[in-house]
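> Attaching a single structure in structure tokens format; questions to follow.
The values are calculated or read from the model by the stated rules, or taken from the named source; none is laboratory data. What you are looking at is a predicted structure, and each value in this text was computed from that prediction instead of being measured. Note: ideal-geometry Cβ built from the backbone for every residue, glycine included; neighbour counts use all protein chains shown. Calculation scope for accessible area: heavy atoms of the full protein, side chains included, ligands and nucleic acids excluded. Shrake-Rupley method; radii C 1.70, N 1.55, O 1.52, S 1.80 Å.
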Amino acid sequence: MSKRRSIIIRGTARKIKAKKTGAFALLDTLVRNNTRYIFGYPGGAILPIYDELYYWESRNTIQHILTRHEQGAIHAADSYARVTGQIGVCFATSGPGATNLITGIATAQLDSIPILVITGQVNTNFLGTDAFQETDIFGITLPIVKHSYKITDPNDMCQIVSEALYIAKNGRPGPVLIDVPKDIGAEQLLSYENTHQNNIQQLIGYRFQYKVSKKLISNVLKAIKTAERPLLYVGGGTLSSNAYHELFILAHVFAIPITTTLMGKGAFNEKDPLSVGMLGMHGTAYANFAVSECDLLITVGARFDDRVTGKLDSFASFAKILHFDIDPAEIGKNKIADLSILGDIKRILQEILLTHKWNWEYSALPVKRKEWLNSIHKWRKAYPLIIPTRGNQLSPQQVISNIGKVYPNALFTTDVGQHQMWSAQFIKCGPRRWSSSAGLGTMGFGLPAAIGAQLAFPHRQIICISGDSSIQMCIQELGTIAQYKLPIRIMIINNHYQGMVRQWQESFYENRYSHSSMDKGQPNFVALANSYGIKALSIQEISELEKNLLDYSEYPHPILFEFLVVENENCYPMVSPGATNAAMSGITYKSNELEILQRYSVSDSNIDEFLSIKTEESKAAEAAEAARQNSNSKENKNYEEFY
């Protein structure tokens, strides 16, 4: 904090109220720790805190954003944290207000996002009496928070809030909850002294520092330099530690291709030749082939999630595995690593690069490394992501690809489903320009997430890509966007279905489309947006797509686009649940890649049927290509004879 800002805050704190209460200690600590925004919704039990907030806002030291639902508040705070790296803060009252936060807390916990959740609670003398709007939010949320507190003495407020902010952000980030009874917020303090973050860091119990062994670093370097087919597998931990610069250097110094998880998207420039995009269930074919064929997998801030690994025993089964992570619980949890380093990702990568700098005798790369890069380049050319064309009808891939081209420097938020996977495939973005619920897969995340992102970066273009099902989960937040005049661009990919549910019903449930259609009862999204005072357009033909996106690319107000796309489009490639990553639906295999499947079929008999089907597909495709070339040859011959 700057000296000038510190003086302003101290002066403001003296002017706000002569009486210092628990609520005062809360707001004062938040402001001293550079909290700019609070996302929330008031209610009875939290009114003493909102009453105090009234005075702080009147001095422009902090701003509260009134969402239309508590779930909207916590998703906005979550996204604010994702895109800034700072702690998101949200307020809610007791009872239903607090329970409305549960999905958002779980979303942040599974994605390791630092947020501070403040809930109001009934008076301390009513605790345990089933009083009006009393719920044990402390107990309910124990499995889905990093840490939690119930304050019973207002004099502890400053210390607890400071601790909570430190815990939320340090080590593996996560949500921290503080439950504040109504009388604690209103009670006057006996004395008041601010607790600084430096005081927290000096307490042994709150240190998140690990010593990186020089011997381990040397062993890691040896593995990297001698590997013939290394691959960097990068997750959200890289972004949490702001290690994207070190990652870029590491990849280029050692010529190592990079694949990212959904959470790791943006940690590495996706336009870089070393990037192979996202891996896993809906990852690129070339990323999944790369992880299946690598001989060294360098796992950086990732946790071997099931949507990434597919069949765990077959994941990178021919590779030596290195695992770098800050959370000791993740080391060896799903996949046993040959070498692991516990610590901050940024520091680990810095140590690797620094050790390499002073150890040049091992700097020569294996000759086969170039062959490995050539193989990946061939896979990229042979198995590109496909954008289908349907005449003048819109395909969702066309829409999302065009959005990415028209807004190349935007920050993107998404909801969950097919549109999320297509966005991850086709949109290229940089660090902290992607905000999406990954671990929990929370429908309704995208719209409030865009609110948090826009407030964090008021002069940056924010694009929310959603589906016609997901958008309705938190559609009331259009009111928040309208109130604060946030120039968010909302892109609804409307296929009148819960798209991913329909795809799974088609693929695994013999086309029994049980309650996945959203056609009946679907609102008129254009009229709905207009009712909030937001401009909206409905687009259903390819001829209108690019023109409308370009025409409104600099529109300074919120705007909603509804894209009426073909209804039955599926998201490919797709690895079936529990299958090896090398076995992907939606692509036609060539002979070299069929050999990869054959190698995995030795240890996985479930691949046999899939291999047989793909072999027949490959033969049919080769025959069709031969016939096409023969036909072209005859046409050329007739052309020559004619002349």
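> With only alpha-carbon atoms counted, please give the Rg and Dmax of segment 224-269, in Å.
Just the Cα atoms of segment 224-269 yield Rg and Dmax of 10.4, 30 Å.
> While we're looking at this one, here's another question. Plugging the Kirkwood radius over Cα pairs into Stokes-Einstein for segment 258-303, at a temperature of 25 °C and a viscosity of 0.890 mPa s, what D comes out in µm²/s? Working shown, then result.
On the way: Rh = 10.8 Å.
Answer, rounded: 227 µm²/s.
> Which whole-Hz couplings ³J(HN,Hα) result when phi for each residue of segment 476-490 is put into the Karplus expression 6.51 cos²θ - 1.76 cosθ + 1.60, θ = phi - 60°, listed in order with x for Gly and Pro?
4, 6, 4, x, 5, 4, 5, 4, 9, 6, 8, x, 7, 9, 9
> For every helix of n ≥ 4 consecutive DSSP H residues, a contribution of -39,500 (n - 2.57) applies; sum these over the chain, divide by its total residues, and give [θ] at 222 nm rounded to the nearest 500 deg cm²/dmol. Write out the running numbers ahead of the final one.
On the way: 26 runs with 274 residues, N = 643.
Rounded to the nearest 500, it is -12500 deg cm²/dmol.
> Taking 22 Å as the cut-off for C-alpha to C-alpha distance, list the pairs among K520/K547; K19/K169; K20/K150 that go past it. Let's see the in-between values first.
Working: K520/K547 30 Å; K19/K169 31 Å; K20/K150 20 Å.
In this structure, K520/K547; K19/K169 exceed 22 Å between Cα atoms.
> With 10 Å bins from zero, work out the P(r) of the chain over every alpha carbon pair and list the percent per bin.
In whole percents, the pair-distance histogram is 3, 15, 23, 24, 19, 11, 4, 1, 1, 0, 0.
> Take the Cα coordinates of segment 282-431, assign each an equal point scatterer, and use the Debye formula without solvent to give log10 I(q)/I(0) at q = 0.19, 0.21 Å⁻¹.
At q = 0.19, 0.21 Å⁻¹ the computed log10 ratios are -1.33, -1.36.
> Determine, at each q value in 0.20, 0.21 (inverse angstroms), the log₁₀ of I(q)/I(0) that the Debye formula gives when each Cα of segment 384-516 is one equal point scatterer.
The calculated log intensity ratios at q = 0.20, 0.21 Å⁻¹ are -1.20, -1.29.
> Give the share of C-alpha pairs in each 5 angstrom bin for segment 484-643, from 0 to the last occupied bin, in whole percents, shortest bins first.
All Cα pairs, binned at 5 Å, distribute as 2, 7, 11, 11, 10, 10, 10, 11, 10, 8, 6, 3, 1, 0, 0 percent.
> Give the lysines whose C-alpha is closer than 16 Å to that of K485, dropping any in the same chain fewer than 8 places away, or say none.
K535
> Related question: Once phi is turned into θ = phi - 60°, what whole-Hz ³J(HN,Hα) does the Karplus curve with 6.51, -1.76 and 1.60 give for every residue of segment 307-322, x standing for Gly and Pro?
Ordered by residue, 3J(HN,Hα) equals 6, 8, 7, x, 5, 4, 5, 8, 6, 6, 6, 9, 10, 7, 10, 10 Hz.
> Where the eigenvalues come from the Cα gyration tensor of segment 315-388, what are the semi-axes √(5λ) of the equivalent ellipsoid, largest first, in whole Å?
On the way: eigenvalues 158, 96, 35 Å².
Taking √(5λ) for each Cα gyration eigenvalue gives 28, 22, 13 Å.
> So, one more: Accessible area per residue of segment 131-221 at 1.4 Å probe, in Å²? Present the calculation step by step, with values, prior to reporting the outcome.
Numbers: 4730 Å² over 91 residues.
With all protein chains present, segment 131-221 gives 52 Å² per residue.
> Which GluC sites (Glu not before Pro) in segment 138-227 pass both tests, a DSSP loop state and at most 14 other beta-carbon atoms within 10 Å? Each step should come with its number before you reach the end.
On the way: sites: E163, E187, E193; in loops: E187, E193.
Passing sites in segment 138-227 are E193.
> Working from the pairwise distances between different alpha carbons, so that the mean of 1/r is found and then inverted, what is segment 206-310's Kirkwood radius in Å? Before the final figure, lay out each step's value.
Values: mean 1/r = 0.0705 Å⁻¹.
About 14.2 Å for segment 206-310.
> Where both partners of a DSSP beta bridge lie in the chain, what percent of those bridges are antiparallel, to the nearest 5?
Numbers: 5 of 69 bridges.
Bridges in the chain are about 5 percent antiparallel.
> Straight-line reach from K619: which lysines fall under 17 Å, measuring Cα to Cα and dropping same-chain residues less than 8 apart?
Counting by Cα, and skipping residues close in sequence, K619 has these lysines nearby: K590.
> T615 to S514: extension gain in nm, 0.36 nm per residue of separation minus the Cα-Cα distance?
Working: separation 101, 0.36 × 101 = 36.36 nm, distance 3.28 nm.
Taking 0.36 nm per residue and subtracting the Cα distance, the gain is 33.1 nm.
> Where the convex hull is taken over the Cα atoms of segment 166-205, what is its projected area averaged over directions, in nm²?
Details: hull surface 16.4 nm².
Averaging across all directions leaves 4.1 nm² for the Cα convex hull.
> Also: Put +1 on the Cβ of each Lys and Arg and -1 on the Cβ of each Asp and Glu in the chain; which of F324, H496, S466 then has its Cα farthest toward the positive end of the dipole?
Of F324, H496, S466, it is F324.
> Let me ask something else about it. Are any of the pairs K271/K368; K211/K428; K215/K271; K346/K381; K225/K381 more than 29 Å apart by Cα-Cα distance, and if so, which? Show your work: numbers first, answer last.
Numbers: K271/K368 24 Å; K211/K428 35 Å; K215/K271 35 Å; K346/K381 33 Å; K225/K381 27 Å.
The pairs that break the limit, which is 29 Å between Cα atoms, are K211/K428; K215/K271; K346/K381.
> Residue by residue through segment 150-167, which ³J(HN,Hα) values in whole Hz follow from phi under the Karplus form 6.51 cos²θ - 1.76 cosθ + 1.60 (θ = phi - 60°), with glycine and proline marked x?
Rounded to whole hertz, the list is 10, 7, 10, 9, x, 5, 8, 4, 4, 4, 5, 5, 5, 4, 4, 5, 5, 5.
> Per the Debye formula with a single identical scatterer at each Cα and no solvent contribution, what log10 I(q)/I(0) holds for segment 127-249 at q = 0.13, 0.16 Å⁻¹?
Relative scattering, expressed as log10 I(q)/I(0), comes to -0.76, -0.96.
> Another question, if that's okay. What does the charge dipole of the chain about its Cα centre add up to, to the nearest 20 debye, if the Cβ of each Lys and Arg holds +1 and the Cβ of each Asp and Glu holds -1? Kindly include the intermediate steps, with their values, before the conclusion.
Values: 63 positive and 60 negative charges, 498 e Å.
The dipole magnitude comes to about 2400 debye.
> Efficiency by 1/(1 + (r/R0)^6): what FRET value for N123 and N199, r their Cβ-Cβ distance, R0 = 30 Å, to the nearest 0.05? Intermediate values should be presented prior to the final figure.
Working: r = 30 Å, r/R0 = 1.01.
Taking R0 as 30 Å, the efficiency between N123 and N199 is 0.50.
> Given a cut-off of under 8 Å on Cα pairs at least six residues apart, what relative contact order in percent is computed for segment 95-190?
Numbers: 149 pairs, mean separation 39.5, N = 96.
Computed value for segment 95-190: 41 percent relative contact order.
> Next question. Taking a cut-off of 12 Å, what percent of all Cα-Cα pairs in segment 361-406 are separated by more than that?
Value for segment 361-406 (Cα pairs over 12 Å): 73 percent.
> Could you give P(r) for segment 33-145, binned at 5 Å from zero, as whole percent values over all Cα-Cα pairs?
2, 13, 22, 23, 19, 13, 6, 1, 0
> Just subtract the alpha-carbon distance of I249 and E595 from 0.36 nm times their residue separation and send over the number in nm, one decimal. Intermediate results must be reported in sequence, preceding the final value.
On the way: separation 346, 0.36 × 346 = 124.56 nm, distance 3.37 nm.
121.2 nm is the gain from fully extending I249 to E595.
> If you add up the charges near C474, with Lys and Arg at +1 and Asp and Glu at -1, over every other residue whose beta carbon is less than 15 angstrom from its beta carbon, what do you get?
For residues surrounding C474, the net value is -4.
> Distances longer than 14 Å among the Cα atoms of segment 142-195: what percent of all pairs is that?
On the way: 787 of 1431 pairs.
Here the tail beyond 14 Å accounts for 55 percent of pairs.
> Okay, next question. For a quick check: with amide H placed at 1.01 Å from N, whose amide H comes under 5 Å from Y149's, ignoring anything fewer than 5 positions away on the same chain?
Under 5 Å from the amide H of Y149: L177, I178, D179.
> Given the alpha-carbon gyration tensor of segment 362-461, what are the semi-axes of its equivalent ellipsoid in whole angstrom, ordered largest first, with each equal to the square root of 5 times an eigenvalue? The partial results should precede the final answer.
Values: eigenvalues 191, 90, 37 Å².
Values for segment 362-461, descending: 31, 21, 14 Å.
> OK, next. So what's the gap between the Cα centers of segment 312-327 and segment 238-276, to the nearest angstrom?
Here the two parts' Cα centres lie 17 Å apart.
> May I ask you to derive the relative contact order of the chain, considering only C-alpha pairs under 8 Å and at least 6 residues apart, and to give it as an integer percent?
Averaging sequence separation for qualifying contacts and normalising by length gives 12 percent for the chain.
> Using Cα-Cα distances under 8 Å and only pairs 6 or more residues apart, what relative contact order does segment 444-556 have, in percent?
On the way: 118 pairs, mean separation 24.5, N = 113.
Averaging sequence separation for qualifying contacts and normalising by length gives 22 percent for segment 444-556.
> Over the residues of segment 476-538, compute the C-alpha Rg and express it relative to 2.2 N^0.38 Å. Please report the intermediate quantities before stating the final value.
On the way: Rg = 15.5 Å, N = 63, 2.2 N^0.38 = 10.6 Å.
Normalised Cα radius of gyration, segment 476-538: 1.46.
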